[in-house]
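**Student:** Structure below; questions to follow.
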Amino acid sequence: MEQGEITAFIGPSGCGKSTALRCLNRMNDLVRGFRFDGHVHFRGKDIYHRSVDPVAVRRYIGMVFQQPNPFAMSIYNNVAFGLRLNRVKDDIPERVERALRGAALWDEVKDKLKNSGLSLSGGQQQRLCIARAIATEPTVLLMDEPCSALDPIATRRIEELMTELKEKYTIAVVTHNLQQAQRVADKTAFMYVDTTQGGRTGYLVEYEDTNRLFQDPKEEFTKQYIRGEFS
Amino acid sequence: MAISLEGDVPSDSVASPPSTFDISWDRTFRGLTRFFSWMTIFLVLYILYEIAGKAFPAVQEFGLSFVTGTTWDANRGEFGVFPEIWGTLYSSLLALAIGGFFGISIAIFLTQDFLPPRLELVFKNIVELLAAIPSVVYGLWGIYVVIPAMRPTANWVHEHLGWIPFFKTSLSGPGMLPAALVLSIMVLPTISAVSRDALSSVPHKLKEAAFGLGATRWEAILGVILPTSATGIFGALVLGFGRALGETMALAMLVGNSNQVSLSLFSPANTLAALLANNFPEAGQQEEGVLMYAALILMAITLLVNLVGTAIMNRASSHLSGEVK
């Protein structure tokens with residue numbers, strides 16, 4: 001994945017898009033029975049190396065989840081949470097404002113920063129979660145179907161936001177909305193699930209520039225999938 | 001009579017309006033539940049009325065001096081329950097502090113993936129078994145095990161740190177600390193079970209959010225999981241406190257039944273519930289009214305604790321869910 005680009009993961013349900021994404025900041029380490037083989041390199045280092053602390057990985061590689069999940073605390077404290085984790089002492093109010101502006105939420109909440117994060121609408125909550133994730137200015141932002149719980153208007157806002165954010169952050173996004181991948185992603189990975197051997201094994205079918213993948217896919221599978229012949 | 005919709009549905013439809021039996025059964029059911037709900041409320045009011053009625057002569061005779069008085073002498077007709085009120089609150093607060101600390105710690109330990117799920121279940125059941133031990137057994141255990149085990153340490157502390165008000169007296173047998181200690185074990189299962197529910201009802205997505213921001217396990221627990229479940233944990237503490245206030249048998253056996261107001265943890269004391277249990281068998285007519293007055297005070301305290309607790313919880317939960325500014 002290239003710096004400053006948006007990479008999208010598409011594919012049918014259960015093919016392991018989210019799991020693959022969550023491997024990138026070791027979120028799966030929290031899942032009982034999870035085992036990882038292979039390597040994920042970040043800044044030239046293997047984040048699964050024995051000496052690497054998964055907590056540290058997650059501080060550099062932020063995440064936005066499928067369901068908006070603001071904490072049951074004020075909007076301000078939601079955004080400041082990550083700053084406090086990182087022991088940031090200076091300019092917390094300024095950083096909170098910058099993050100909220102970055103997430104295109106500032107104008108809507110600037111007069112009610114003390115209100116609970118849960119008092120916002122779904123779309124606003126998701127933007128609050130984005131603000132929370134970018135407040136510490138991580139390098140990479142992972143987004144796991146960030147719009148699947150949102151209505152079309154809120155979805156459009158988040159998509160605009162993603163294109164703005166890629167100036168600063170490298171973004172990886174899982175989506176099952178093909179149009180969304182086409183609209184926002186520079187590169188797209190198509191994954192599929194193989195059930196022929198009894199279990200479910202997800203695998204990568206094709207990884208290409210988004211335009212090429214959608215207009216001229218190399219693999220037959222990809223072609224069928226983007227034509228909507230199966231899902 | 002409801003408007004019939006029958007003509008409007010296609011002829012092969014099997015849909016039909018509820019039969020008269022369905023409707024009357026529905027009405028009966030609603031009537032029954034309403035009746036039993038009201039019965040419960042009526043029962044509470046009736047008990048209050050009876051106790052207040054029996055206590056009335058004593059209330060008239062002693063008035064507020066009953067609450068502030070410090071002697072209890074049936075022969076001279078002098079009654080005051082200030083030491084008992086003090087002892088009730090003091091022992092319950094101590095038990096709440098100890099039991100609350102351990103109860104919440106256990107709840108955290110049992111919900112935050114510190115143990116494999118099967119062990120979690122085993123531990124949970126063991127803690128809940130504590131609630132199955134009869135309170136008189138706790139009392140006996142306190143007398144024959146806890147007090148003898150505590151005495152050497154307690155007396156050493158008294159000798160060396162006796163200038164601190166909490167250790168001002170020596171522990172000669174029953175007393176505040178053993179009572180509070182046993183009481184804290186008795187409230188522990190309540191507190192840990194209710195806190196456990198509160199902690200495990202924190203949505204998984206919030207935990208993920210905390211970990212996703214790079215929180216360590218403790219940062220996630222202290223920064224997100226505990227604050228999110230704070231209302232429920234507070235409820236657990238209120239329940240535990242209520243239980244401690246009313247606990248009778250173990251305290252009657254362990255607290256020393258002595259009318260004293262002392263900060264000392266080693267001094268014998270008394271509680272309202274223990275006073276009632278100890279004095280009703282030989283109570284004459286006047287003392288009976290006086291005991292009813294004491295019972296009324298105990299009920300007022302527990303009621304107040306529950307009301308204030310519920311009020312705080314309601315405010316906190318509406319604040320958390322963002323309903324109120």
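The values are calculated or read from the model by the stated rules, or taken from the named source; none is laboratory data. All figures in this text were calculated on a predicted structure; none of them were measured in a lab. All Cβ positions, even for glycine, are placed from backbone atoms using ideal geometry, and neighbour counts span all protein chains on display. Protein only, heavy atoms only, side chains kept; ligands, DNA and RNA dropped before computing areas. Shrake-Rupley method; radii C 1.70, N 1.55, O 1.52, S 1.80 Å.
**Student:** Just need the relative contact order of chain B here, percent rounded to a whole number, with Cα pairs under 8 Å and 6+ apart.
**Tutor:** Reported as a whole number, the value is 25 percent.
**Student:** Whole-Hz Karplus ³J(HN,Hα) for segment A:112-123, in order, using 6.51 cos²θ - 1.76 cosθ + 1.60 and θ = phi - 60°, x for Gly and Pro?
**Tutor:** 9, 5, 7, 5, 5, x, 7, 7, 7, 6, x, x
**Student:** Across segment A:6-227, how many lysine pairs separated by 8 or more positions, or lying on different chains, have Cα atoms within less than 30 Å?
**Tutor:** 27
**Student:** In square angstrom, what is the accessible area per residue of segment B:79-320 with a 1.4 angstrom probe?
**Tutor:** The answer is 44 Å² per residue.
**Student:** Could you compute the net charge surrounding A:His176? Neighbours are other residues with a C-beta less than 15 Å from the C-beta of A:His176; K and R count +1, D and E count -1.
**Tutor:** Surrounding charge for A:His176 is -1.
**Student:** List the accessible area buried at the contact between A and B, summed over both sides and calculated with a 1.4 Å probe, in Å² to the nearest 100.
**Tutor:** Adding both sides of the contact gives about 2000 Å².
**Student:** Note down the net charge around A:Phe230, summing +1 for each Lys or Arg and -1 for each Asp or Glu among other residues with Cβ under 15 Å from its Cβ.
**Tutor:** Cβ neighbours under 15 Å give a net charge of -2.
**Student:** For segment A:1-67, run through the trypsin sites (Lys or Arg not before Pro) and keep only the ones in DSSP coil with at most 16 other Cβ atoms within 10 Å of their Cβ.
**Tutor:** The qualifying sites are A:Arg32, A:Arg35, A:Arg43, A:Arg50.
**Student:** What's the carbon and sulfur percent of the protein assembly as shown's accessible surface, probe 1.4 angstrom, rounded to a whole number?
**Tutor:** 60
**Student:** For peptide A:114-124, how many partner chain Cβ atoms fall within 10 Å of a residue's Cβ, on average?
**Tutor:** Mean partner shielding for this stretch: 2.
**Student:** Starting from the Cα of A:Arg227, step 7 Å along the direction of its Cβ; do the same at B:Ile126; then give the gap between the two resulting points in nm.
**Tutor:** Result for the modelled spin labels: 6.3 nm.
**Student:** I've got another one for you. As an exercise, use a Förster radius of 35 Å and the Cβ-Cβ distance of B:Glu159 and B:His204 to find the FRET efficiency, rounded to the nearest 0.05.
**Tutor:** Given R0 = 35 Å and the Cβ-Cβ separation, E is 0.10.
**Student:** If you don't mind, there's one more thing I want to ask. Tell me the trypsin sites (Lys or Arg not before Pro) within segment A:156-213 that lie in a loop according to DSSP and have at most 15 other beta-carbon atoms within 10 Å.
**Tutor:** A:Lys168, A:Arg200
**Student:** Which net charge results for the neighbourhood of B:Gly69, defined as the other residues with beta-carbon distances under 11 angstrom from its beta-carbon, given Lys and Arg at +1 and Asp and Glu at -1?
**Tutor:** Neighbour charge sum, excluding B:Gly69 itself: -3.
**Student:** Find me the longest stretch of chain A that has none of the exposed chymotrypsin sites (Phe, Trp or Tyr not before Pro), where exposed means in a DSSP loop (not H, G, I, E or B) with at most 13 other Cβ atoms within 10 Å.
**Tutor:** A:37-229
**Student:** Now for a different question. On a 0 to 90 degree scale, rounded to 10, what angle separates helix B:230-246 from the longest Cα axis of chain B?
**Tutor:** That helix lies at roughly 50 degrees to the long axis.
**Student:** Could you pull out which residues in segment B:75-93 have an amide N less than 18 Å from a spot 7 Å beyond the Cα of B:Ser135, following the Cα-Cβ vector?
**Tutor:** Answer for this model: B:84-93.
**Student:** In segment A:139-231, which GluC sites (Glu not before Pro) fall in coil by DSSP and have 11 or fewer other Cβ atoms within 10 Å?
**Tutor:** Qualifying residues, ordered by number: A:Glu167, A:Glu229.
**Student:** How well do other chains shield peptide A:72-83, expressed as the mean number of their Cβ atoms within 10 Å of each residue Cβ?
**Tutor:** Counting Cβ atoms of other protein chains within 10 Å of each residue's Cβ and averaging gives 3.
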